[in-house]
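The values are calculated or read from the model by the stated rules, or taken from the named source; none is laboratory data. The structure displayed is predicted, hence computed values, not measured ones. As a convention, Cβ positions derive from the backbone with ideal geometry for all residues, glycine included, and neighbour counts pool all protein chains shown. Only protein heavy atoms, including side chains, enter the accessible area calculation; ligands, DNA and RNA are left aside. Shrake-Rupley method; radii C 1.70, N 1.55, O 1.52, S 1.80 Å.
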Amino acid sequence: MKTVILAEKPSQAKAYADAFSVKARHKTHIDLNPCSTFPSGAIITWGIRHLVELKEPKEYQK
């Protein structure tokens, strides 16, 4: 089973991938070769917009 790493944005994903041996770069993700950290390899992908956001202040209970 491969590990999936979710980066905040494409540039952050590239920075993560630069620390490892890259198997292939795709439009939506980067495949990493197997290594001691990820014996089965890994996939790095990223978000483009916020995936989670806080509620409006008035929505929180006091």
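In table form, for the structure just shown:
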{"quantity": "The chain: Lys pairs at Cα distance under 30 angstrom, eight or more positions apart or on different chains", "calculated": "9"}
{"quantity": "Accessible surface of the chain [probe 1.4 Å, protein heavy atoms]: carbon and sulfur percent", "calculated": "56 percent"}
{"quantity": "Mean Cα-pair separation over length for the chain, i.e. relative contact order, pairs under 8 Å, 6 or more apart, %", "calculated": "38 percent"}
{"quantity": "Computed label-point distance, nm, for sites residue 2 and residue 49 using a 7 Å Cα→Cβ extension", "calculated": "2.7 nm"}
{"quantity": "Most mobile of 21, 36, 11 in a GNM of the chain (Cα contacts under 10 Å)", "calculated": "36"}
{"quantity": "Residue-averaged 222 nm ellipticity for the chain, from DSSP H runs of 4+ at -39500 (n - 2.57), nearest 500", "calculated": "-3500 deg cm²/dmol"}
{"quantity": "DSSP bridge pairs, the chain: antiparallel proportion in percent, nearest 5", "calculated": "60 percent"}
{"quantity": "Residue 12 versus residue 37: modelled label distance in nm, points set 7 Å from Cα along the beta carbon direction", "calculated": "1.5 nm"}
{"quantity": "Matching label, P(r) over Cα pairs in 5 Å bins from 0, in percent computed from the structure shown, candidates [x] 4, 21, 36, 26, 10, 2; [y] 4, 19, 26, 23, 14, 9, 5, 1; [z] 4, 17, 25, 17, 10, 7, 6, 6, 6, 2, 0", "calculated": "[z]"}
